[in-house]
Amino acid sequence: MGTWGTRNFENDGSQDWVFEMMDNKDGGMVADTLQFSLAKDGVLDTSECEDALAAAEVVAALSGRASDDFPEDPLDHLDSLNLLATPALRKLAISVVEKIRTTSEMKEVRTEEGQYESWDAVIADLLKRLNF
């Protein structure tokens, strides 16, 4: 059975994404995932949201503002990606997180399950950590 919670790494999809990125030492996955999510027409599905939020969390972590639930092993090795959280990358991450916050299947699911306030607080915190 999969893991599912309101925090960004309390689901299998986000954890899988970040571990895949680290296993492949592919920092390009961050920008690719964020660009895909922003460019996609229509509503992002839940798995796309999980990937995009993981990518945004990587940007925050690279900025020295990692979430409390960021997986420890990847966090300790982010420097191996040779990736910088440039202002442009942070801006891209903010745009994607705002898209997820306003129009996404994840928002719909959280609302239906009565978890919207808790989830929205996590999203607000991520935006705060990205927007400095």
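Hey, can you rank 122-130, 68-76 by average C-beta count inside 10 Å, highest first? Spell out each step's value before the answer.
Working: 122-130: 17.9, 68-76: 13.9.
Answer by packing, highest mean first, reads 122-130, 68-76.
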Helix-only mean residue ellipticity at 222 nm for the chain, each DSSP H run of n ≥ 4 adding -39500 (n - 2.57), per residue, nearest 500: -20000 deg cm²/dmol
Net +/- balance of residues flanking ARG101 in space, Cβ distance below 9 Å, scoring K and R +1, D and E -1: 0
Of the DSSP H helices in the chain, those whose Cα atoms cover at least 18 Å axially and whose Kyte score averages -0.5 or more: 46-62, 87-102, 116-130
Pairwise FRET efficiency - GLU20 versus THR103, Cβ, R0 = 25 Å, nearest 0.05: 0.45
Sites ASP69 and ASP41, calculated FRET efficiency, Cβ-Cβ separation with R0 41 Å, nearest 0.05: 0.85
Long-range amide H partners of LEU44 with built H, under 5 Å: GLU105
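If packing is taken as the average count of other Cβ atoms within 10 Å, what order do 10-17, 47-54 fall into, highest mean first? Intermediate values should be presented prior to the final figure.
Working: 10-17: 19.0, 47-54: 24.1.
Highest mean packing first, the order is 47-54, 10-17.
We did not get these values from a lab; they are worked out from the coordinates using the rules stated. What you see is a predicted model, and the numbers here were worked out from it, not measured in a lab. Please note: Cβ atoms are built from the backbone with ideal geometry, for glycine as well, and neighbour counts cover all protein chains shown.
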